[in-house]
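Asker: Before we start, here is the structure in question, set down as structure tokens.
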């Protein structure tokens, strides 16, 4: 069976592309991203989450750091992965 156009588009989109990486590849890739890139991905993936600085300051009194953002992304992708290395 051939992938649909939408599925092909997903494979080209960086937001989806990182979901196909194994845990080590994912961490390596995410460490190359800026903190703001990480926050953009988190906001895209979880529209109800509180990740942007202004919202985070109002809600929690602090902002999301880069390492914490990497941990959250890794966890969110791992929850949707069949790869046991995420667990």
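What follows is calculated from the coordinates using simple rules that are stated; it is not laboratory data. Note that the structure is a prediction, hence the values are computed from the model and not measured. We place every Cβ from the backbone using ideal geometry, glycine too, and count neighbours over all the protein chains shown.
Asker: Using the eigenvalues of the Cα gyration tensor, what equivalent ellipsoid semi-axes result for region 11-84 when each is taken as the square root of five times the eigenvalue, whole Å, largest first?
Answerer: 22, 12, 12
Asker: A further question on this structure: Given points 7 Å out from each Cα along the Cα-Cβ axis, report the residue 52 to residue 37 separation in nanometres with one decimal.
Answerer: The answer from the label model is 2.1 nm.
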